[in-house]
Amino acid sequence: EIGLGFMVDLQKGHFNGRRAIQGARAKKRLRHVLVGLEIEGNIPAEHAIVYYRKSQQVGLVSAAMWSPMAKRNIAIASLARPFGDTVVDDLWVEIYAMRELQYQKLMKRAKVVQRPFIKLDRRTASPPADF
């Protein structure tokens with residue numbers, strides 16, 4: 001559910017939780033998906049609620065920030081399936097922002113994006129062969 005399924009090797013020997021993972025994968029019981037969101041505007045959506053079509057609550061934002069490197073407002077959210085998997089359009093985030101000493105409710109459009117949010121060339125670069 002948190003997007004780390006690639007780290008579980010079911011071919012290795014016994015480990016705690018093996019039967020539970022096999023059962024959940026076989027029966028498609030994974031109820032949530034962890035996704036990256038890009039949110040319009042520059043106000044971080046920390047602990048915000050994610051809505052589908054501005055009416056149906058489908059998830060929560062667990063971490064959010066304005067990224068100075070990506071120059072966009074990004075967040076990580078846990079969404080109930082099929083949202084985030086197959087339904088990725090018409091998602092909205094409810095943000096409460098402090099404006100002139102009062103909280104103001106803002107509904108901002110969000111879209112599901114691939115993680116990592118930034119792929120830097122230097123991360124996969126290898127040093128030159130000759131020094």
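The values are calculated or read from the model by the stated rules, or taken from the named source; none is laboratory data. These numbers come from a predicted model, not from an experiment. Don't worry about glycine lacking a Cβ; one is built from the backbone with ideal geometry, like all the others, and counts go over all protein chains shown.
Going by the conditions given, is LEU91 under 27 Å from GLY5 (Cβ atoms) and either at pLDDT 90 or above or in contact with a Ser or Thr (Cβ under 6 Å, 6 or more places away or on another chain) (or both)?
Details: under 27 Å from GLY5 (Cβ atoms): yes; either at pLDDT 90 or above or in contact with a Ser or Thr (Cβ under 6 Å, 6 or more places away or on another chain) (or both): yes.
Here the answer is yes, as LEU91 does meet what is asked.
Counting the residues of the range 68-106 that are under 18 Å from the mean Cα position of the chain (by Cα), part of a strand (DSSP E or B), over 26 Å from LEU120 (Cα atoms) and of a type outside the set (Gly, Ala, Ser) gives 8.
Among residues of the range 9-30 that are within 23 Å of PHE83 (Cα to Cα), those with a Cβ under 9 angstrom from a residue that is part of a helix (DSSP H, G or I) and not charged (D, E, K, R), sequence gap 6+ or separate chain, pair up as ILE21/GLY5; ARG25/GLY5; ARG29/GLY23; LEU30/GLY5; LEU30/ALA24. Screening GLU38 against (1) modelled with pLDDT of 90 or more; (2) farther than 17 Å from VAL112 by Cβ leaves a single unmet condition, (2). Within the range 57-67, is there a residue that is surrounded by 16 or more Cβ atoms within 10 Å (Cβ to Cβ), assigned to a strand (DSSP E or B), over 12 Å from the mean Cα position of the chain (by Cα) and not small (Gly, Ala, Ser)? Among the residues of the range 57-67, at least one is surrounded by 16 or more Cβ atoms within 10 Å (Cβ to Cβ), assigned to a strand (DSSP E or B), over 12 Å from the mean Cα position of the chain (by Cα) and not small (Gly, Ala, Ser), which makes the answer yes.
Looking at LEU10, LEU30, LEU34, which is the one that is not in a loop (DSSP other than H, G, I, E, B) and not polar (S, T, N, Q)?
Details: LEU10 fails: not in a loop (DSSP other than H, G, I, E, B); LEU30 fails: not in a loop (DSSP other than H, G, I, E, B).
Step by step, each of LEU10, LEU30, LEU34 is checked, and only LEU34 is not in a loop (DSSP other than H, G, I, E, B) and not polar (S, T, N, Q).
A quick yes/no check of all residues on (1) among the aromatic types (Phe, Trp, Tyr); (2) surrounded by 14 or more Cβ atoms within 10 Å (Cβ to Cβ):
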residue: TYR51; (1), (2): yes, yes
residue: ARG81; (1), (2): no, yes
residue: LEU101; (1), (2): no, no
residue: PRO127; (1), (2): no, no
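When TYR51 is tested against the conditions (1) within 17 Å of PHE117 (Cα to Cα); (2) touching a strand residue (DSSP E or B) at 6+ places or on another chain (Cβ under 7 Å), the lone failure is (1).
The rows are residues; the columns are (1) at pLDDT 85 or above; (2) over 30 Å from ARG99 (Cα atoms).
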{"site": "ILE2", "(1), (2)": "no, yes"}
{"site": "HIS14", "(1), (2)": "yes, yes"}
{"site": "GLY17", "(1), (2)": "yes, yes"}
{"site": "ALA24", "(1), (2)": "no, yes"}
{"site": "ASN42", "(1), (2)": "yes, no"}
{"site": "HIS47", "(1), (2)": "yes, no"}
